[in-house]
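Please read the structure below before turning to the comments.
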Amino acid sequence: MKRRDFFKKGAAVAAASSVSGIVLSSCSSSQNIIYDKTKDRWFHLGNGKSGVPNRKETKAYEVAVVGGGAAGICAAVASARNGTKTVLIQDRPVLGGNASSEMRVHLNGVNNIKGKAERETGIIEEILLHNRFENEQESYPIFDHVLYDFVVREPNLTLMLNTQAIEAIMDGNSIKSALCWQATTEKLFTINAKIFIDCSGDGLLAATAGAKYRTGREGKSEFNETFAPDNADGWQMGATLLMSSKDMGRPMKYTPPSYAIKYTHEGAHPRRHFKWFKDGIWWIEVGSNDDIIGDFEENRHKLMGYLHGVWDYIKNSGNFPEAENLALDWVGSLPCRRESRRFIGDYIVSEKDMTEHKNFHDAVAYGGWSLDEHNPGGIENISEPPSYFHYHFKEIYQFPYRSLYSINISNLLFAGRNVSQTHIALSSSRIMATCALMGQAVGTAASICNKYAILPREVGEQYIDELQEQLMRDDAFIPKRPARDKKNLAQKVTVIFANSTSSGDVKNLLNGISRDIYGEINHWQSDGLPAEVQLEWENPINLSSIELKCDTNVQRNIMMRKDSKNDDLYANHIPYEMIKTLKFYARVKGQWISLGLIENNRTRLIKCQFETLSTTAIKVEMTETYGANNVKLFELRCYD
Amino acid sequence: MLRLTISNKTMNTIKFLTFIYLTTLVSFVAALPLEKTNQYNLVVNHPGEKKAIEIVITQILNEEDFPVSYYMDVPSVICYEQVCKIIPVKLFWNNLGEYQIYELEPQSTLEKYKADSFEPKDYIKLDRILSNKHSPFKDVLYHQILTSPDDNDVDAVSGATALILDDEDTVPGAALGCYTLWHWANGEIVDKIKNLTGKSFSEKQLKDLLSEDKKHFFPVVIQELSKRNNYLNSFVELVIQKTLEEKILIQQSIEYLEKSPQNVYYASMEKIFIKGNENQKIHVLRSLMKSNYTLERPYLSRLSNHASSLKSLQEVSLFLEVVQLKNPVSEVVIKNIFPLLKSDLVIARSVYWFLKNQKTTVDQEEELKIFHEQNKDKL
């Protein structure tokens, strides 16, 4: 079948796919599903009873998130925290997607802009900090459980693992239900929800809903993209299979398995280097010029062959004496995917939006990884560099909300690599922490949909300010969009002062910019500890929450790395700068009363919530950090 | 004497283009009296070196034994995979550790990536880069400089991106050399030179520098006085005077005065409090708050005579905190701060709440009642 033919028939193929033993009608409602399992009769030896197992369940949520990678987790947590009953459906036994122990890709983001990180904040940072506290040993399997903990502790959030959303049940142009197969229980779930968010990467649910999408590379002319090929084609960047090795302290032999594909490195481009081979080689990659999803198992087998072929080359070619004592101690069996379906939204982000830093009125996320387009062919085209690294950003770019919902399915949002963008744009935005920011944005948008009983497009048209403000309140950063939340009572303060200042200005805590950026200081930093910030209002206010954004040094990366790198750019520990201990006070009838004490703080966004009281002044006393001599804040908010 | 001795060939090439520029530079160096020098062995850290390095720096003195400048041979320009060569470079600073000029050995040239030679304009640009205290190299990380173009983003294993600097901030192809030299010129050595300069001053020179309008030397002088534990009245008075004139000195001066004997400390704090601006008053009050010296009761009463000069809530709040902590039941203080009830509401309110907890006279009690009645909705 030719590629074009495939894609013409793709939707039909997908609709016809079904789970073994189940006959599905093509659409309409879940009531029409015939679920014939009468031949499956159990016999209970203990009580002698017999019957047909009940394997059909219907559940209802306000928001259903499909895909448990960084984007999906952030979407689900954002939705749940904003008061929406949410389910997170993940087809693997673990959370984390490409960063899970099954795949072990570093959870990269804007790691490096002109020598420094511009690290993502909000939920993804909270996750990475949680990992720094719970997983000092930097174990990938433990990271799976850190993520599990992060999700299941949310009261509004239900997690379904080993569950794949296989088909959308439609009501007109709206998804009514997602049929989900849970492999471990043999159950078919019908998940009803008002809003669906597809963060699954490949986007099977969205595809079966009939959401428009494209695959392959746009031609140069369509979006005036410098780095696009002259003519459109079907190439999609490949998946990589990773591995890691350890030094056994003695020479270790290696014999490749039967399926290894011989690798010689002859004619390889010089950029195909082996600098980090101990922790995996990212250019062991196979893509597709056609149906990359359909090709997946074939490509997986090839990748396993290439992986062992390359390791054989490392171990047995004689070119790597440093590998003599190394042995593989983990090999992936699940390739880490980069690209497949890109769904169409009301806006398609393209190269120039990023390189020219287009200012979007509906910006909700950002990125800054380079335009890192891997070569067509992957390891099967070794004379080419593994990636072209077309363009390195000097500052971060915005990502608009209109690219995060479907143009033709009314209640469908996206986050991750499957959003509305060109192949070249994807080459940058596909990075996990960037996808996580999109996830938080759409999860928050879904909660606004639920709040006003509206659809995702209407959020963009009527409530974009509310979405942006909520995101920033929740510690997401939107470039060049200062927060101006009218509900923030700190904005109405009469006087603010600090007991000491070594850099910045305490008034910066009210300027709505929660990081130092574009060469401008937006912080206040104490001169020593303890430090105090006081706010005074001329008229009494009703207050129930004080929210701080403290320093976690967003210019240094904190994600877990296989090499446990610890230098000025990558830290393998809790940020020294973060506040550890602080107290909150309010002045009531002339007396300073304690509102709360936080010890062993673990987040950049610090909230102190209490029974509403009337006050004219508050004070925050900060006594300890995780190592820094001074405490640094970026924002202080007050709410009733 | 031509001390900017780049190779003859290079010099010939650049002579015409840079005549005026070099004349300026050379005149600085040529003017240096070279007769009197001192050499110092120091240990400094450099971000390109894993361990601290022992270096020798030469101090140049004028005829009056006044340290005027320094020079040092940079032991090596750190290189990586043929990006540049190791070339000795002599760097010059003034007596405050500010970079002035660099000098190469005769016949030496600087080179770039892939062995391209510096062009004439590159030498001038390098001097400009080294002169820029706020160069992007200040914040660039060493590992980033070491990232070669082949080490770019690798999404599976590393996140390194090749360093990208604007052309005006670096010599293209020689970023590592620029980085290394910038950190030699503007790194830890700056403070070391200031220390050497301060240490070299005689007592007379220290006093002269404070007496004369040599503002740039004030921090060095005050630091040196502190090190020498010099609290002679004549010096202390000069420091107070200069602190009141130069706002940026307050922190350093307070640190110096906090180490002085108790009587000197309190007298100094009082003078700065009375004559100082808002920020200076706040520094004094903060110092008083944490001081371990025993505060005599009349002291705060005297300070409270100037309560009306407190204009901001922070000053007033701090003052009240000091009073509460060090001298809580002073009739004089209470009397002196009562007029602050006429201030802006936020200040008056904090004074009101303070006074409510003090022992007051009947008249004062009445005044507080009136204040409460007038502002009860805003308390």
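The values are calculated or read from the model by the stated rules, or taken from the named source; none is laboratory data. All values reported here derive from a predicted model rather than from experimental measurement. Ideal geometry is used to build each Cβ from the backbone, glycine not excepted, and the neighbour counts take in all protein chains shown.
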| Looking at (1) farther than 18 Å from B:I282 by Cα; (2) within 14 Å of another protein chain (Cβ to nearest Cβ), which is the one condition that is false for B:K335? | (2)
| Name the residues in the range A:605-622 that are of a type in the set (S, T, N, Q), more than 14 Å from chain B (Cβ to nearest Cβ) and closer than 21 Å to B:K378 by Cα, would you? | A:T612
| Can you tell me which residues in the range A:238-281 are within 10 Å of chain B (Cβ to nearest Cβ) and in contact with a Pro (Cβ under 7 Å, 6 or more places away or on another chain)? | A:T240, A:L241, A:H269, A:R271, A:R272
| said: Among the residues of the range A:417-433, are any touching a Ser or Thr at 6+ places or on another chain (Cβ under 9 Å) and either on the phi > 0 side of the Ramachandran plot or among the acidic types (D, E) (or both)? | reply: no
| message | Given the condition in a helix (DSSP H, G or I) and free of Cβ contacts under 8 Å to residues at least 40 places away in the same chain, answer yes or no: does some residue in the range A:317-325 qualify? | response | yes
| message | Return the residues of the range A:307-338 that are buried (at least 17 other Cβ atoms within 10 Å of the Cβ), in contact with a helix residue (DSSP H, G or I) (Cβ under 8 Å, 6 or more places away or on another chain) and away from chain B (no Cβ under 14 Å); say none if nothing qualifies. | response | A:I314, A:K315, A:A323, A:L326
| request: Filter the range A:448-477 down to the residues that are aliphatic (A, V, I, L, M) and touching a helix residue (DSSP H, G or I) at 6+ places or on another chain (Cβ under 6 Å), then identify the one that is nearest to A:Y518 (Cα to Cα). | output: A:A476
| query | Restricting the search to the range A:502-521, which residues are within 12 Å of chain B (Cβ to nearest Cβ), surrounded by fewer than 17 Cβ atoms within 10 Å (Cβ to Cβ) and in contact (Cβ under 8 Å) with a residue 12 or more places away in the chain? | reply | A:S502
| task | Search the range A:56-113 for residues being basic (K, R) and modelled with pLDDT of 95 or more, and hand back the single one that is surrounded by the most Cβ atoms within 10 Å (Cβ to Cβ). | result | A:R104
| field | Filter result (crowded, with 19+ Cβ neighbours inside 10 Å and over 28 Å from A:A436 (Cβ atoms)) within the range A:478-494 | value | A:L489, A:V493
| Qualifying residue in the range A:559-571 (condition: modelled with pLDDT of 95 or more and either assigned to a strand (DSSP E or B) or within 23 Å of A:G528 (Cα to Cα) (or both)) | no
| Selection within the range A:193-209 - assigned to a strand (DSSP E or B) and out of contact with any helix residue (DSSP H, G or I) (no Cβ under 8 Å at 6 or more places or on another chain) | A:A193
| task | Using the structure shown, decide if B:E224 is touching a residue at least 12 places away in the same chain (Cβ under 8 Å) and surrounded by fewer than 18 Cβ atoms within 10 Å (Cβ to Cβ). | result | no
| remark: Across (1) among the small types (G, A, S); (2) more than 27 Å from A:L471 (Cβ to Cβ); (3) within 14 Å of another protein chain (Cβ to nearest Cβ), A:S594 clears everything bar (3)
| request: Would you be able to say whether some residue in the range A:343-357 is surrounded by fewer than 24 Cβ atoms within 10 Å (Cβ to Cβ), in contact (Cβ under 8 Å) with a residue 12 or more places away in the chain and at positive phi? | output: yes
| Single residue of A:T625, A:T552 found to be among the polar types (S, T, N, Q), farther than 24 Å from B:K290 by Cβ, crowded, with 20+ Cβ neighbours inside 10 Å and at pLDDT 95 or above | A:T552
| Quick check: is even one residue across the range B:175-188 surrounded by fewer than 20 Cβ atoms within 10 Å (Cβ to Cβ), modelled with pLDDT under 95, β-branched (V, I, T) and assigned to a helix (DSSP H, G or I)? | no
| Given the conditions (1) of a type in the set (A, V, I, L, M, F, W, C); (2) more than 12 Å from chain B (Cβ to nearest Cβ); (3) more than 31 Å from the chain's Cα centre (by Cα), which single one is not true for A:W537? | (2)
| query | Is at least one residue of the range A:400-407 within 30 Å of A:E298 (Cβ to Cβ) and surrounded by fewer than 21 Cβ atoms within 10 Å (Cβ to Cβ)? | reply | no
| remark: Of the residues in the range A:516-547, those that are outside any strand (DSSP E or B) and not acidic (D, E) number 9
